[in-house]
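A short write-up of the structure that comes next.
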Amino acid sequence: MTSDLLYSDVEEQLRASVRGLLADRCDAAAVLARCESDEPYDLPLWRALAAEVGVAGLHVPEDRGGQGASMREIAVVAEEIGRGVAPVPFLGCAVLAASALLDTDAPELAKLAAGEITGTLAVPLTTAPGAPFPRDILADGSTVTGRSYAVVDAEVADVLVVPAVGPDGPELYCVDTAAAGVTVSRRVSLDLTRRVADVSFADAPARPAADGERARAALERALRIGAGVLASEQLGLAQWCLDETVRYVRERHQFGRPVGSFQALKHRLAALWLDVVSARAAARNAADVLAAGGDDAPVAVAVAQSYCSSVAVRAAEECVQLHGGIGMTWEHPAHLYLKRAKSSELALGTPGRHRATLATLIDLPA
């Protein structure tokens, strides 16, 4: 059966709600000002998105406190987050942490879904689907000890979902960041709107969530969903860069003509438009396959992530260049999109890593 990759009416209504809220409370000037402040994350905005719109628990079943929607809906939200480079812990909380706890009995899932707490998955942001289970953190059933580097959204998380190795193998724990023995150290991040931090544990009290193959599968599912949703975020970012650049070259005049009428710029923007359209097809397919729970999810996610990462970077680079001098200034938000695109290119696996995975999945010769 052929998938329907068009947006449904419900998805468009969800998009309108998220876009309206971001337009009111997350314009470019506000994001730039927050990047220069001591509070780079907009937690009041996140609480509004989580509680009023319900994005924190979109793909969480209703009987676990969520909205009971699918990955298609959460992908639409991701597009809008990328379009606005919103400084909210969406990826760490609503995507990675919630997905890791979906098939567990952890009570933290309902709190995450309701927006009562924030959380993230305590693995390096560069960890790709298919990576070996982390062995940097050890557990004894009630405490964890070790360290995880470059954890996304960790500095605003209330709870960490921690993969650890116990006496019997892989385990998954929930750890409060306010607990004794937990230290979160902010790192200098390229992306000013999505920060990473190092997290260390010294006999920190931990609550078991899953063990054995169940823990391994939970981590793999979270990473694969994260990579698939990130492709949609990269799509939204690329679409904003294209739209904003087209608007600018229509208004900017040189030699008495709009610069957008010059053939060289037309060709560059036409090529970028084709890239963005192709990225939309790849990202939407990944979201649809994840929503259906199909066996070809690894293939769909690898295709989407390897392609959308590169398109987002190219769109952001074109946005900066075709804006000319103003595109190089701090006051224009183009640099925020370029930094988000470049950091996202490394997140949850590089394009090269996903292409190598894809080659294995579809049995391409080396």
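The values are calculated or read from the model by the stated rules, or taken from the named source; none is laboratory data. Since we're looking at a predicted model, the values are computed, not measured. No Cβ is skipped: glycine too gets one built from the backbone with ideal geometry, and neighbour counts run over all protein chains shown. Accessible surface is based on the protein model in full, side chains and every heavy atom, while ligands, DNA and RNA are left aside. Shrake-Rupley method; radii C 1.70, N 1.55, O 1.52, S 1.80 Å.
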Checklist line | Flag for residue 353 being touching a residue at least 12 places away in the same chain (Cβ under 8 Å) and touching a strand residue (DSSP E or B) at 6+ places or on another chain (Cβ under 8 Å) | finding: no
Next item on the list: Among the residues of region 107-126, write down those that are closer than 23 Å to residue 291 by Cβ and either in a helix (DSSP H, G or I) or open to solvent by 10 Å² or more (accessible area, probe 1.4 Å) (or both).
Entry: 109, 110, 112, 113, 114, 115
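On the basis of being touching a residue at least 40 places away in the same chain (Cβ under 8 Å) and either hydroxyl-bearing (Ser, Thr, Tyr) or closer than 18 Å to residue 340 by Cβ (or both), does residue 90 make the cut?
Judged against the criteria, residue 90 is a match.
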Check: Within region 281-297, can one find any residue that is assigned to a loop (DSSP other than H, G, I, E, B) and in contact (Cβ under 8 Å) with a residue 60 or more places away in the chain?
Finding: no
Notebook entry, point to check: Are any of the residues in region 316-333 hydroxyl-bearing (Ser, Thr, Tyr), in contact (Cβ under 8 Å) with a residue 24 or more places away in the chain and either in contact with a helix residue (DSSP H, G or I) (Cβ under 9 Å, 6 or more places away or on another chain) or not in a helix (DSSP H, G or I) (or both)?
Noted result: no
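What about residue 145, is it surrounded by 15 or more Cβ atoms within 10 Å (Cβ to Cβ) and within 20 Å of residue 94 (Cβ to Cβ)?
It is false that residue 145 is surrounded by 15 or more Cβ atoms within 10 Å (Cβ to Cβ) and within 20 Å of residue 94 (Cβ to Cβ).
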Next item on the list: Would you mind stating whether residue 211 is over 29 Å from residue 87 (Cβ atoms), of a type in the set (Asp, Glu) and either crowded, with 18+ Cβ neighbours inside 10 Å or modelled with pLDDT of 95 or more (or both)?
Entry: yes
Margin query: Residue under question is residue 44, and the condition is that it be out of contact with any His (no Cβ under 9 Å at 6 or more places or on another chain), part of a helix (DSSP H, G or I) and either touching a residue at least 12 places away in the same chain (Cβ under 8 Å) or surrounded by fewer than 18 Cβ atoms within 10 Å (Cβ to Cβ) (or both); does it hold?
Written below: yes
Next item on the list: Looking for whichever is within 12 Å of residue 307 (Cβ to Cβ) and free of Cβ contacts under 8 Å to residues at least 40 places away in the same chain here; the options are 277, 246. Which one fits?
Entry: 277
Next item on the list: Just one of (1) surrounded by fewer than 24 Cβ atoms within 10 Å (Cβ to Cβ); (2) touching a helix residue (DSSP H, G or I) at 6+ places or on another chain (Cβ under 6 Å); (3) not hydrophobic (A, V, I, L, M, F, W, C) trips up residue 228, so point out which.
Entry: (1)
Checklist line | Answer from 138, 190 - the residue that is open to solvent by 30 Å² or more (accessible area, probe 1.4 Å) and at pLDDT below 95 | finding: 190
Item checked: Selection from region 292-337 of residues that are open to solvent by 50 Å² or more (accessible area, probe 1.4 Å) and either within 19 Å of residue 28 (Cβ to Cβ) or charged (D, E, K, R) (or both) -> 295, 296, 314, 317, 321, 325, 326, 328, 330, 331
Check: Hey, residue 293 hits all of (1) within 26 Å of residue 60 (Cα to Cα); (2) modelled with pLDDT of 90 or more but one; which does it fall short on?
Finding: (2)
Check: All but one of (1) out of contact with any Phe, Trp or Tyr (no Cβ under 6 Å at 6 or more places or on another chain); (2) surrounded by 12 or more Cβ atoms within 10 Å (Cβ to Cβ) hold for residue 282; which doesn't?
Finding: (1)
Note to self: Step by step: first the residues of region 14-63, then only those that are charged (D, E, K, R) and in contact with a helix residue (DSSP H, G or I) (Cβ under 8 Å, 6 or more places away or on another chain), then the one that is nearest to residue 157 (Cα to Cα). Which residue is that?
What the structure shows: 42
Checklist line | Filter result (surrounded by fewer than 22 Cβ atoms within 10 Å (Cβ to Cβ) and either in contact with a Pro (Cβ under 8 Å, 6 or more places away or on another chain) or among the charged types (D, E, K, R) (or both)) within region 47-72 | finding: 47, 52, 62, 63, 64, 68
